[in-house]
Amino acid sequence: MITFRRRKRRRVPALNTTATADISFMLLVFFLVTTSIDSDKGLNRTLPAIPDENTEQTMDVSEKNVLRITIDDRDSLCCEGESVSPQQLQERIVTFMATAEVEKHVLSIQANSKTSYDAYFAMQNAIVAAYRRLRSDYARQRYGIPLEQCTPEQRDSVMAHYPQRISEREPEQVTAP
């Protein structure tokens, strides 16, 4: 006669998970505290000092030394009334600076309040790129080295030669035609 033996079922030991929630929470807090979130977009601008109420600040600028840039509610970028791309705007600024009186030039920007941030940022980026190019070319011409390698005194001289003069305001009504 054949007898079969029954195997004994082995019990799997239970895991103690009481500390798991605490450890998970501590790891979550650790990663939130140590993680840095970088913002890739932004405009690095130094605002002018607040003018004294008693003094009126005016600057006489010839029409030939003003470059008008507009951006409407449909993100259409125009320079002196002509539709341009941000790359074309950069070239127009460089050309303008070559013909304008450098010490008395003004970039007049008129942006609609409904302009998207991306379009406005692209316009500002083109302006910054144009100034960077002009300043770098001037540093190479004057000192024989790129602007990044100039001493602080040389860099200040280059910045003084090509100062950023931007007049910005929201127009009464800049809309797409």
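Keeping to segment 150-167, report how many residues are closer than 19 Å to GLN90 by Cβ, among the aliphatic types (A, V, I, L, M) and open to solvent by 30 Å² or more (accessible area, probe 1.4 Å).
The qualifying residues number 2.
I'm told GLN149 meets every condition in (1) out of contact with any Ser or Thr (no Cβ under 8 Å at 6 or more places or on another chain); (2) in contact (Cβ under 8 Å) with a residue 60 or more places away in the chain; (3) more than 18 Å from SER83 (Cα to Cα) except one. Can you identify the failing condition by its number?
(2)
For segment 102-124, enumerate the residues that are in contact with a Pro (Cβ under 8 Å, 6 or more places away or on another chain) and in a loop (DSSP other than H, G, I, E, B).
Matches in segment 102-124: ASN112 only.
If you take the residues of segment 74-86 that are touching a residue at least 24 places away in the same chain (Cβ under 8 Å) and not in a strand (DSSP E or B), which of them is farthest from ALA122 (Cα to Cα)? Full working, then the answer.
Filtering segment 74-86 down to residues touching a residue at least 24 places away in the same chain (Cβ under 8 Å) leaves 74-77, 86.
From what is left, the residues that are not in a strand (DSSP E or B) are 74-76, 86.
Working: ARG74: 14, ASP75: 10, SER76: 11, PRO86: 6 Å.
Step by step, filter segment 74-86, then rank; the result is ARG74.
Could you check how many residues of segment 110-128 are buried (at least 17 other Cβ atoms within 10 Å of the Cβ) and either more than 18 Å from CYS79 (Cα to Cα) or touching a Phe, Trp or Tyr at 6+ places or on another chain (Cβ under 9 Å) (or both)?
Residues in segment 110-128 being buried (at least 17 other Cβ atoms within 10 Å of the Cβ) and either more than 18 Å from CYS79 (Cα to Cα) or touching a Phe, Trp or Tyr at 6+ places or on another chain (Cβ under 9 Å) (or both): 1 in total.
Out of segment 87-101, which residues are acidic (Asp, Glu) and either in contact (Cβ under 8 Å) with a residue 40 or more places away in the chain or part of a helix (DSSP H, G or I) (or both)?
Step one: list which residues in segment 87-101 are acidic (Asp, Glu), which gives 91, 101.
Once the filter is applied, which keeps residues that are acidic (Asp, Glu) and either in contact (Cβ under 8 Å) with a residue 40 or more places away in the chain or part of a helix (DSSP H, G or I) (or both), segment 87-101 yields only GLU91.
Go through segment 129-149 and give me each residue that's assigned to a helix (DSSP H, G or I) and open to solvent by 40 Å² or more (accessible area, probe 1.4 Å).
Correct list: ARG132, ARG133, ASP137, ARG140, GLN141, ARG142, TYR143, GLU148, GLN149.
If I go through segment 20-53 residue by residue, how many of them are in contact with a helix residue (DSSP H, G or I) (Cβ under 6 Å, 6 or more places away or on another chain) and modelled with pLDDT of 85 or more?
Counting residues in segment 20-53 that are in contact with a helix residue (DSSP H, G or I) (Cβ under 6 Å, 6 or more places away or on another chain) and modelled with pLDDT of 85 or more gives 0.
Let me spell it out: the conditions are (1) among the small types (Gly, Ala, Ser); (2) more than 21 Å from SER62 (Cβ to Cβ); (3) in contact with a helix residue (DSSP H, G or I) (Cβ under 8 Å, 6 or more places away or on another chain); (4) in contact (Cβ under 8 Å) with a residue 24 or more places away in the chain, and SER113 meets all of them except one. Which number is the exception?
(3)
Collect the residues in segment 66-77 that are closer than 16 Å to ILE166 by Cα and either within 20 Å of the chain's Cα centre (by Cα) or open to solvent by 60 Å² or more (accessible area, probe 1.4 Å) (or both), keeping them in residue-number order. Even if it seems obvious, please write down each step before you answer.
We begin by selecting, within segment 66-77, every residue closer than 16 Å to ILE166 by Cα; these are 66-71.
Result: ARG68, ILE69, THR70, ILE71.
Those residues that are open to solvent by 100 Å² or more (accessible area, probe 1.4 Å), at pLDDT 75 or above and among the β-branched types (Val, Ile, Thr), I need them from segment 1-19; list them, please.
Result: VAL12, THR18.
Out of segment 78-100, which residues are open to solvent by 40 Å² or more (accessible area, probe 1.4 Å), modelled with pLDDT under 90 and either closer than 22 Å to TYR117 by Cα or touching a His at 6+ places or on another chain (Cβ under 8 Å) (or both)?
The one that is open to solvent by 40 Å² or more (accessible area, probe 1.4 Å), modelled with pLDDT under 90 and either closer than 22 Å to TYR117 by Cα or touching a His at 6+ places or on another chain (Cβ under 8 Å) (or both): GLY81.
The values are calculated or read from the model by the stated rules, or taken from the named source; none is laboratory data. These figures come from a predicted structure and were not determined experimentally. So basically every Cβ, Gly included, is an ideal-geometry build from the backbone, and we count neighbours across all protein chains shown. Calculation scope for accessible area: heavy atoms of the full protein, side chains included, ligands and nucleic acids excluded. Shrake-Rupley method; radii C 1.70, N 1.55, O 1.52, S 1.80 Å.
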